[in-house]
1. Near A:VAL417, within a Cβ-to-Cβ distance under 10 Å, what is the net charge of the other residues, with Lys and Arg +1 and Asp and Glu -1?
2. To check my understanding: the extent here is largest minus smallest coordinate of the Cα atoms along each principal axis. What are those three numbers for region B:103-180, in Å, largest first?
3. Rg and Dmax of chain A over Cα atoms: what are they, in angstrom?
4. Given R₀ = 56 Å, FRET efficiency for B:ILE216-A:ARG171 by Cβ-Cβ distance, to 0.05?
5. Probe of 1.4 angstrom, ligands and nucleic acids ignored: what's the accessible area per residue over the protein assembly as shown, in square angstrom?
6. Please compute the contact order of chain B in relative form: average sequence separation of alpha-carbon pairs under 8 Å and at least six residues apart, divided by the residue count, as a percent.
7. Applying 1/(1 + (r/R0)^6) with R0 = 56 Å to the Cβ-Cβ distance of A:MET308 and A:ASN453, what FRET efficiency is obtained, to the nearest 0.05?
8. Could you state the angle between the C-alpha long axis of helix B:6-50 and the longest principal axis of the C-alpha atoms of chain B, as a value from 0 to 90 degrees rounded to the nearest 10?
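The values are calculated or read from the model by the stated rules, or taken from the named source; none is laboratory data. Worth saying up front: this structure is predicted, and the values here are computed from it rather than measured. Ideal geometry is used to build each Cβ from the backbone, glycine not excepted, and the neighbour counts take in all protein chains shown. All accessible areas refer to the heavy atoms of the entire protein, side chains included, with ligands and DNA or RNA removed. Shrake-Rupley method; radii C 1.70, N 1.55, O 1.52, S 1.80 Å.
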Amino acid sequence: MSRKPVKLQNQIICIFLLTFASILLVNLYIFSGMRELIDNMDSAYDGNRKLTDMRGLLDSIQLELDDYINTKDESGLNKFYKDMAEYKIIVESLKHEGELTEQEMREKAIVNLSTRYVRSTNTAILSKRSGDIVRYQEDYAVSVRDYEHLISYMADLNTKSFGENSGKYERIYEVMHQANIIYSVILALMGIFDILLLNLLLRRLMRPLQELARVANEVGEGNLDVAISEIHDYNEIGIVSSAFNNMITSLKEYIRQFKASVESESRLREKSIRMEASAKEAQLKYLQAQINPHFLFNTLNAGAQLAMLEEADRTYSYILRVADFFRYRIKNSEGISTISEELKIVDDYIYIINVRFAGEIHYNADVDEKLLQTAVPSMILQPIVENCIKHGLRDVEWEKKIDLSVYSEGDSTVISVRDNGVGIPDDVIERILNNKLNEDDNEKMQGGVGLDNVITRLRVFYDRENVIEITSVEKDMGTEIALYIPR
Amino acid sequence: MPQRSDQEKVHGRISKKTDFHTIRSLVIIFILFIMIVSAFVFLRMQVANVSTDEQKYRYHYVFVGDTGDSRMLEIINDAAGEYGRKSGVYVEALDTGDESDSSYADRIDMAVAMGVNGIIVGAQEEKDIADAVERASVAEIPVVTVLSDCPDSLRKTFIEPDVYDVGRTYARSIIAVAGARKLNIAVLVESDDNDRFMAGLSDTLQNEGNHLDINIITEDITDMPNFRLMDLVAEMLTDEEMDIDMLLCPTEYTTQIVYQSVMDHDLAGSSQIVGYGINESLLRAVSNGEISALVYIDADQTGMECVDALNGYIDSGVTRDHITVESIMITSGNIGRYLDE
């Protein structure tokens, strides 16, 4: 059965109120106890004070009676009656009936003695007024005897009471001394009691929070196979704990679904890669079946030897350069080369092209020899030169020139290939630099390494975008392609 | 059965640790609570003890006597007060000694005027209290006398020591302190009731002290002046023919005189003295070995009989005319209790 949720704030307030109330109660109790002791101390001598007051009044009454008996001065009687009335009021307050305490017994005795004294004084006054000398003297003597009994008892009682009250006062004082020590101990114990109670209740209140923190920490470390086992749903911590458990469950479900999705996608991709690999393998096998490089080189070498036997030196040289050219392409198509090697393949290519096209390409290289050993991705210059010949110079009527220069500029080595061909329109330059040449352009590059491929490899190799610059001022004004190789 | 996971084990350990901590805290809190409550209860009792005595009493009796000077009367008064407290009676002392400067009769009249329920008159020497007792009787206040009687008055009861029993107690004192088998014992007699005293003494010595060879010599000291008595004691104790081994003094007054004589004549130790009464000097003498034993009326019983006699008269209207109480013996063996009191 779930309880009605209580706010955490209210629970904490209740705990503090509980401890505060306990301390307050103890203090109030201590205060009332001390108050009672102080009252006892204050009233310890009340009996003596009252007896002393009565004694004073009694002496006045007796004096006034003596005066009247001796002088028969009626004016003094007013004071006598006034004091007597006051005394009677005090006596009236001492009357008790039934079973009595020790003090009440004594007060009752005083009442009886006083009653007799009041009666005898009144009788003496009446006798005095009647003028019967013998009788008033006898009555006066009786009143004096009663007065002496009264004051004698009062004196005895006062002495006795004083002794008892002193003893009582000392006992109260001792108890008060004890009380001071005991109350200090009680307060100290109460402090410890409250600290322990506070600790216990707060610990009980905070335990779910600690459990939540522990489980959250485990979840944070990647362990989702945990849950808050003990949920007290009677405050916000319980609600958060319950929500946290729900969150873990949801998270586990989401991860399960995600894993299933990834696994499915992975299986599809693996299937696709396998198909593609199979196709490429088939294509490769097909190409290998078409061109066997060793067969080609052996053939070319055989041709070269034949040319040499027939003393056809130019043929021999041509076939040898063709063989070198293809060997380099096959060997270094994906590796790293140097500018020197790249220039060598360009020379070979120009030579082959010039044999083919009757030496119509005028090639000029201006190279800073200190830069010859600079490492560059292989097969980056020949495709550029090939591109110049194929697209820039193929249809021109004037002398066809290609100027290649290698030099330093800032922290880069610049390889510039310039032709005097038809030039490249700006939109084509834009597409070349953004690798957006269409399928037809790429098809045209088939069988060789295209400009698009060169740009991509340079950017990947040097991990920067500005590795190439293509400049073509206007139509028929030629093109310059400059490669910026970082040092 | 499936194995519990590590997490469950760790959680279990934490839970057990938490439970242990909680139980320990609860136990300490409970102990502290008990301690605090006990301290409060203890203090409450202490405060209640010093508060007014809430005991209620049915009757108010007064004890008229020279309790200031007479240790015996003081003890009887205390005993009556203690017994009265247990039976719902408040016994208040009205002192007749030098400090109060009042006579027994005056104190009895005062008690009548106080309207008390009963009066105990202890060991009075005055002869004129019969009228005062009569006035009390007119006021329907019963009066009992203790140790000394007022035979011609309207007192309801006289409580006195049993003289025969006193004689027996003396005999037992002799048996208890006897230093030899053959003894010469001198008895100083002065009252009219010698026969019963001597009977109690002789009977007990013959029965309980038949292993002793005792020769008893009596000396009548009735109306003998103090100086004469002191000389007589000195003569007896130094008379080689009499060869007194033990001297018995049947009253407190005689005992005091004899003790004084022994000290004045430097005769302490020459003979053993068995006296009567209980006052500071005699108790010190027992403590110092100068007096062998004291015989004394049982004050606790006497106080109790006083209260019972008055209670009986108030409740039923009748009581016994005479009540006797037993005697006790004080020697160096039990002197501590009386000196403390």
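1. Working: positive: A:ARG418; negative: A:ASP403, A:ASP419, A:GLU480.
So the surrounding residues net to -2.
2. For region B:103-180, the Cα spread along each principal axis is 58, 22, 20 Å.
3. Gyration radius and largest Cα-Cα distance of chain A: 65.0, 202 Å.
4. Details: r = 54 Å, r/R0 = 0.96.
Efficiency computed from Cβ-Cβ geometry: 0.55.
5. Details: 45000 Å² over 828 residues.
Per-residue value: 54 Å².
6. On the way: 552 pairs, mean separation 55.7, N = 341.
Taking the mean separation of contacting Cα pairs over the length of chain B, I get 16 percent.
7. Numbers: r = 36 Å, r/R0 = 0.65.
The formula returns an efficiency of 0.95 here.
8. 30 degrees
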